[in-house]
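The structure appears right after this line, and notes come after that.
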Amino acid sequence: MKELTEQELHNLAMNIVGKELEADGFEFMGVNSKLKKNPQFVCLKNKELHFIVVRNIPFPEDPAKYDEVLMAKVKEHALKFEAKTYYAGVGISNAADRNKPVLLNQEYLVHYEGLVEI
């Protein structure tokens, strides 16, 4: 059984957030799935630009807590474009044992509380 890589977990987190954004009527202007490249999503909704940073947060860390220095930098950049800035932390853990790694084609749990405006 193959353990998911950091990039695969990041992509999974982005898919979870992306589906929610789509359901909420966001239009994707840009998508960046590279690790450490921010923001992950640049979206348009109600003629307003939105920058969204997505992070996979390993169990037992709190997905709602974010890197304040990083988010301040992203917000500063977003303001140049008159964009709103959001953080989306997604906790993904092994469904059978949260302390074990997430495995390919195995069930997993998701802890995601939605977008946090910065």
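We did not get these values from a lab; they are worked out from the coordinates using the rules stated. Remember, predicted model here, so these are calculated numbers, not experimental data. Neighbour counts are summed over all protein chains in view; Cβ atoms, including those assigned to glycine, are modelled from backbone coordinates with ideal geometry.
Starting from the Cα of K73, draw a straight line to each of the aspartates and glutamates and keep only those under 19 Å, dropping any in the same chain fewer than 8 residues away.
Once the sequence-local aspartates and glutamates are set aside, what remains near K73 is E82, E117.
Find the Cα radius of gyration of region 6-117, compare it with 2.2 N^0.38 Å by division, and give the number to two decimals.
The reported ratio for this selection is 1.07.
Where the only charges are on Cβ atoms (+1 Lys, Arg; -1 Asp, Glu), what is the dipole of region 6-117 about its Cα centre, to the nearest 20 debye?
Dipole of region 6-117, to the nearest 20 debye: 340 debye.
I need to check one value: relative contact order of region 18-58, counting alpha carbon pairs closer than 8 Å and at least 6 residues apart, in percent.
29
Relative contact order for the chain: what percent, with Cα pairs under 8 Å and sequence separation of 6 or more?
Over the chain, the number comes to 25 percent.
Could you compute the FRET efficiency for L109 and K80, with r as their C-beta to C-beta distance and R0 at 30 Å, rounded to 0.05?
Calculated transfer efficiency: 0.20.
To make sure I understand the rule: partners must be lysines, Cα under 25 Å from the Cα of K75, and not fewer than 8 residues away in the same chain. Which ones qualify?
Within the straight-line cut-off, K75 pairs with K19, K34, K36, K37, K45, K47, K65, K84.
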